[in-house]
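The values are calculated or read from the model by the stated rules, or taken from the named source; none is laboratory data. Quantities reported herein were computed from a predicted structural model and do not represent experimental measurements. Every residue, glycine among them, receives a Cβ derived from its backbone with ideal geometry; neighbour counts consider all protein chains shown. Surface accessibility is based on the protein's heavy atoms, side chains included, excluding ligands, DNA and RNA. Shrake-Rupley method; radii C 1.70, N 1.55, O 1.52, S 1.80 Å.
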Amino acid sequence: MLDVEAVLAQMTLEEKAALCIGATAWDTSAVERLGVPAITMADGPHGLRRTTDANLLLTQSLPATCFPTASCLAATWNPALLQQMGEALAEEAIALRVDVLLGPGVNMKRSPLCGRNFEYFSEDPFLAGEMAVALINGLQSRGVGACVKHFAANNQEFQRMVISAEVDERTLREIYLPAFEAAVKRAKPWMVMCAYNKVNGVLASEHRQLLTDILKQEWGFEGVVVSDWGAVRDRVKSLAAGLDLEMPGPKPSHARAVVEAARAGLVAEAALDDAVRRVLRLVDKARRTPKGGDFDAEAHHALARQIAAEGMVLLKNNGVLPLTGVASIAVIGRSAREPYFQGGGSSNVNPTRVDAPWDALRQHGAAIRWAYAEGYPADGSPRQEFIDEAVRVAAEADVALVFAALPPLSESEGYDRASLDLPPAQVSLIRAVAAAQPNTVVILNNGAPMVMSAWIDSVAAVLEAWMMGQAGAGAIADILFGKVNPSGKLAETFPLRLEDTPAHLNWPGEAGKVRYGEGPYIGYRYYDAKALPVLFPFGFGLSYTTFAYTNPRVSATTFRDVDGVTVYVDVTNTGAVAGKEVVQVYVRDRQASLPRPPKELKGFAKVELQPGETRTVAISLDFRAFAFYHPKYQRWVTESGEFDLLIGASSADVRHTVTVALESTVALPCALDAESTVREWLADPRGRAVFGPLFEQMRREMARVMGAEAGGEPIGMDALNFMLDMPLVAVLGFQEAALPAPAEAVVAGLLAKVHGGA
Ligand code: BGC
């Protein structure tokens with residue numbers, strides 16, 4: 001155990017600077033003289049990538065379980081399962097002598113093209129936050145640290161180390177930060193990793209507002225802020241901004257720069273001490289869990305299979321699934337034998353083993369006649385002889401299972417996807433097979449949405465199997481044969497066309513900047529607001545059974561924001577097999593002083609039901625479920641009024657709406673000034689009290705004058721609405737002749753009354 005303060009007191013300036021920079025690609029620096037050991041980090045996020053050489057970034061790593069990637073994890077909507085996965089990851093970390101796992105990644109899926117979307121949970125910050133909290137809790141409950149990444153606004157790979165995400169404060173607070181906020185406040189991760197990119201012109205590694213003001217001060221983060229690997233340009237600036245640990249190391253020039261800056265008084269020693277304290281506390285925490293030993297690879301493989309099965313999403317089914325009473329099956333597509341189960345880059349795991357669908361399927365149906373055709377050659381090019389062979393085996397069988405996958409390395413860290421299409425060779429393959437075999441089922445392996453218009457209408461069923469991890473093949477077999485009833489639902493919208501996607505006109509940016517012009521309208525928030533049709537909506541997924549939602553009710557129809565409200569609904573399994581349903585609650589603000597998305601996910605629950613069984617689902621909504629971030633007041637606010645609570649099976653399948661009345665307890669300071677518009681003055685109760693009577697008088701006078709000028713009767717009051725969006729000082733300026741004093745003086749008088757309460 002380390003006495004942090006005693007160690008700190010004995011450290012030289014040089015030792016402090018060195019401690020805040022790694023010693024190798026993965027280890028922190030030890031201070032042997034004072035008994036401070038090094039600790040080890042490893043990627044992350046869906047399996048351990050424990051390299052065999054501490055000095056190399058990308059090299060062989062020790063075998064570890066490759067769990068499904070985050071797209072699939074989020075589609076489980078099952079935090080309890082993610083907690084279990086976190087515990088398993090911790091066991092592997094302990095066995096492989098890793099103190100902190102570099103994950104989870106909680107960046108938002110702003111565009112389906114981001115090359116790293118497979119590593120991220122969702123387009124929705126609430127869902128991403130819930131998943132992250134569960135995974136972190138699982139890991140840390142076993143004494144292994146989590147490192148939430150990449151903070152913040154790292155939503156594309158294009159120019160990721162230079163580009164500046166130009167994003168307004170409200171959007172940042174409502175969309176890009178809440179998953180980090182939930183993770184930090186509720187799960188207390190040991191580390192947070194800053195992003196490579198700039199945010200509004202400032203490198204995330206030097207972003208004082210993000211790293212210190214928001215993360216440490218506002219959210220109370222007590223752990224270590226680590227750089228993304230190689231994200232630090234200026235160690236002194238980054239230290240001053242709140243970046244505690246630079247990775248990888250060693251970087252003697254950076255350590256020297258810190259020492260010199262401290263000596264010259266350019267960086268406060270207190271700032272350095274704060275970073276040192278955080279690193280020492282981390283080392284102390286990590287060392288409390290002894291490392292080494294084995295992990296149960298078989299059990300973890302089984303868990304990976306269970307998670308994969310729960311995250312896979314049945315997108316279409318004309319009744320062909322589950323497969324029963326089939327005598328012969330044609331399996332088509334290279335990915336049935338060479339599974340596409342994880343992505344490229346730092347998250348790439350060396351799996352303990354990998355199951356192939358071709359083998360897993362045949363274990364289920366020993367009595368079935370099986371045939372296989374590759375479908376397309378290894379280089380992915382369209383070749384007629386491969387298609388002809390596939391059509392032949394498909395036509396001879398009762399059912400054709402076509403395995404379609406994105407080409408190897410098409411989804412990776414470091415670059416984005418260029419399109420949402422499946423390669424042409426596979427599109428031709430699906431169409432040809434479907435034309436020959438009406439019972440064609442497509443199984444997709446990909447980490448992010450693809451478009452399907454070219455082929456989906458021709459097939460009988462589609463299973464989204466994601467980057468399913470090393471045990472995903474068994475999960476596919478379990479679902480196709482009905483051993484597992486699918487219960488995954490999409491954590492991201494599948495659009496009809498790339499051109500429909502929210503960031504399309506602002507992607508991927510130019511001249512070093514990417515403008516988040518769509519604001520908070522990403523994912524379903526955007527498609528809802530634009531009333532755009534989509535291929536598959538957020539929250540959607542089919543089951544082999546059906547569920548009825550009845551008896552919706554709330555704990556109170558009128559409530560204070562700080563008390564929150566609970567929504568109840570009875571869910572009944574109305575089909576013939578057991579199944580799990582994800583019940584979702586979206587909140588709609590019926591009237592707000594700022595534009596808000598038509599609805600936002602604020603709660604969900606997954607419930608398992610036997611045929612005929614009914615359960616009451618309870619979902620609680622707190623202050624934040626109703627609040628929005630007001631840039632003017634720089635805080636979360638609620639406004640009194642009516643809200644709709646939409647209870648649904650997906651974002652597009654709302655079964656019940658309950659309207660409630662919220663009483664806001666938020667007391668806002670009066671923000672009126674001379675430049676505030678007439679509308680703002682009238683919307684504010686204090687403004688209305690002092691200015692309302694004068695305004696009415698002005699309006700009547702103006703109506704009379706304008707009407708007379710037009711040679712007729714007084715004109716209608718509506719014609720005067722043009723005044724509402726003018727600043728008060730300008731409106732009064734036009735009326736100055738009728739005022740007792742210059743417009744500025746009248747405004748000053750009104751402001752004195754408003755602010756002084758006179
Ligand atoms: C990635 C991080 C990763 C780190 C270490 C970086 O390139 O962005 O997510 O944890 O490398 O491999």
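Scan the range 270-291 and tell me whether some residue there is assigned to a helix (DSSP H, G or I), open to solvent by 50 Å² or more (accessible area, probe 1.4 Å) and of a type in the set (A, V, I, L, M).
As a first pass, look at the range 270-291 and keep what is assigned to a helix (DSSP H, G or I): 270-287.
If we keep only those that are open to solvent by 50 Å² or more (accessible area, probe 1.4 Å) too, we end up with 270, 274, 277, 281, 285, 287.
With the extra rule that they be of a type in the set (A, V, I, L, M), the set shrinks to 270.
Yes, the conditions are met somewhere in the range 270-291.
Would you pick out the residues in the range 155-198 that are in a helix (DSSP H, G or I) and either within 14 Å of the ligand (Cβ to nearest atom) or hydroxyl-bearing (S, T, Y) (or both)? Step through it out loud before you land on a result.
The initial filter retains those residues of the range 155-198 that are in a helix (DSSP H, G or I), namely 169-176, 178-187.
Of everything in the range 155-198, those that are in a helix (DSSP H, G or I) and either within 14 Å of the ligand (Cβ to nearest atom) or hydroxyl-bearing (S, T, Y) (or both) turn out to be T171, Y176.
The rows are residues; the columns are (1) surrounded by fewer than 20 Cβ atoms within 10 Å (Cβ to Cβ); (2) out of contact with any Cys (no Cβ under 9 Å at 6 or more places or on another chain); (3) of a type outside the set (A, V, I, L, M).
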position	(1), (2), (3)
F536	no, yes, yes
G541	no, yes, yes
V569	no, yes, no
V577	yes, yes, no
Q584	no, yes, yes
R588	yes, yes, yes
L594	yes, yes, no
K602	no, yes, yes
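Looking only at residues that are crowded, with 19+ Cβ neighbours inside 10 Å and assigned to a loop (DSSP other than H, G, I, E, B) in the range 44-56, which one is farthest from the chain's Cα centre (by Cα)? Can you show your working first?
So the first thing to find is which residues in the range 44-56 are crowded, with 19+ Cβ neighbours inside 10 Å, and the list is 44-51.
Now narrow it down to the ones that are assigned to a loop (DSSP other than H, G, I, E, B): 44-48, 50.
On the way: G44: 16, P45: 14, H46: 15, G47: 19, L48: 21, R50: 26 Å.
If we take residues in the range 44-56 being crowded, with 19+ Cβ neighbours inside 10 Å and assigned to a loop (DSSP other than H, G, I, E, B), then R50 is farthest from the chain's Cα centre (by Cα).
Can you find a residue in the range 369-386 that is charged (D, E, K, R), touching a Phe, Trp or Tyr at 6+ places or on another chain (Cβ under 9 Å) and either open to solvent by less than 10 Å² (accessible area, probe 1.4 Å) or outside the structural domain of G333 (by TED's automatic domain parsing) (or both)? Write out each step before concluding.
So in the range 369-386, the residues charged (D, E, K, R) come out as 369, 374, 379, 383, 385.
Now narrow it down to the ones that are touching a Phe, Trp or Tyr at 6+ places or on another chain (Cβ under 9 Å): 374, 383.
From what is left, the residues that are either open to solvent by less than 10 Å² (accessible area, probe 1.4 Å) or outside the structural domain of G333 (by TED's automatic domain parsing) (or both) are none.
No: zero hits.
Check whether at least one residue in the range 207-214 is within 16 Å of the ligand (Cβ to nearest atom), at negative phi and crowded, with 19+ Cβ neighbours inside 10 Å, and report yes or no. Don't jump to the end; show me each part of the working.
Our first condition is that a residue be within 16 Å of the ligand (Cβ to nearest atom); within the range 207-214, this holds for none.
No: the range 207-214 contains no residue that is within 16 Å of the ligand (Cβ to nearest atom), at negative phi and crowded, with 19+ Cβ neighbours inside 10 Å.
Could you list all residues from the range 310-346 that are surrounded by fewer than 24 Cβ atoms within 10 Å (Cβ to Cβ) and on the phi > 0 side of the Ramachandran plot?
G319, G325, G345
Please determine whether any residue of the range 190-208 is of a type in the set (F, W, Y) and more than 20 Å from A42 (Cα to Cα). Quick ask: steps written out before the conclusion?
Step one: of the range 190-208, the residues of a type in the set (F, W, Y) are 190, 196.
Next, only the ones that are more than 20 Å from A42 (Cα to Cα) stay: none.
No.
Would you pick out the residues in the range 227-259 that are outside any loop (DSSP other than H, G, I, E, B), more than 16 Å from the ligand (Cβ to nearest atom) and not small (G, A, S)?
Listed by number, the residues that qualify are R235, V236, K237, L239, P252, H254, R256, V258, V259.
As an exercise: evaluate I307 against (1) open to solvent by 40 Å² or more (accessible area, probe 1.4 Å); (2) more than 16 Å from A30 (Cβ to Cβ); (3) in contact with a Leu (Cβ under 8 Å, 6 or more places away or on another chain) and give the number of the one condition it does not meet.
Tallying (1) open to solvent by 40 Å² or more (accessible area, probe 1.4 Å); (2) more than 16 Å from A30 (Cβ to Cβ); (3) in contact with a Leu (Cβ under 8 Å, 6 or more places away or on another chain), I307 fails exactly one: (1).
Out of the residues in the range 427-452 that are open to solvent by 10 Å² or more (accessible area, probe 1.4 Å), farther than 25 Å from T324 by Cα and not small (G, A, S), which is nearest to the chain's Cα centre (by Cα)?
So the residue we want is V451.
Can you find, within the range 20-43, the residue that is most open to solvent (accessible area, probe 1.4 Å) among those that are away from the ligand (no atom under 16 Å from the Cβ) and not hydrophobic (A, V, I, L, M, F, W, C)?
Step one: of the range 20-43, the residues away from the ligand (no atom under 16 Å from the Cβ) are 20, 29-38.
Filter once more, so that each one left must be not hydrophobic (A, V, I, L, M, F, W, C): 29, 32-33, 35, 37.
Details: S29: 16, E32: 160, R33: 143, G35: 51, P37: 40 Å².
Top of the filtered list is E32.
Could you list, in sequence order, all residues of the range 647-688 that are in a loop (DSSP other than H, G, I, E, B) and of a type in the set (A, V, I, L, M, F, W, C)?
Initial filter on the range 647-688 (in a loop (DSSP other than H, G, I, E, B)): 651-652, 664-676, 684.
The answer is A652, V666, A667, L668, C670, A671, L672, A674.
Among V184, V167, V226, V232, which is open to solvent by less than 30 Å² (accessible area, probe 1.4 Å), touching a residue at least 40 places away in the same chain (Cβ under 8 Å), in contact with a helix residue (DSSP H, G or I) (Cβ under 9 Å, 6 or more places away or on another chain) and not small (G, A, S)?
On the way: V184 fails: touching a residue at least 40 places away in the same chain (Cβ under 8 Å); V226 fails: in contact with a helix residue (DSSP H, G or I) (Cβ under 9 Å, 6 or more places away or on another chain); V232 fails: touching a residue at least 40 places away in the same chain (Cβ under 8 Å).
Result: V167 is the single residue among V184, V167, V226, V232 that is open to solvent by less than 30 Å² (accessible area, probe 1.4 Å), touching a residue at least 40 places away in the same chain (Cβ under 8 Å), in contact with a helix residue (DSSP H, G or I) (Cβ under 9 Å, 6 or more places away or on another chain) and not small (G, A, S).
With respect to the numbered conditions (1) within 28 Å of R281 (Cβ to Cβ); (2) more than 16 Å from the ligand (Cβ to nearest atom), which one is the sole condition not fulfilled by K149?
(2)
Please determine whether any residue of the range 103-117 is part of a helix (DSSP H, G or I) and open to solvent by less than 10 Å² (accessible area, probe 1.4 Å).
Here is the first cut: in the range 103-117, the residues part of a helix (DSSP H, G or I) are 117.
When the remaining residues are screened for being open to solvent by less than 10 Å² (accessible area, probe 1.4 Å), the result is 117.
Yes - at least one qualifying residue is present in the range 103-117.
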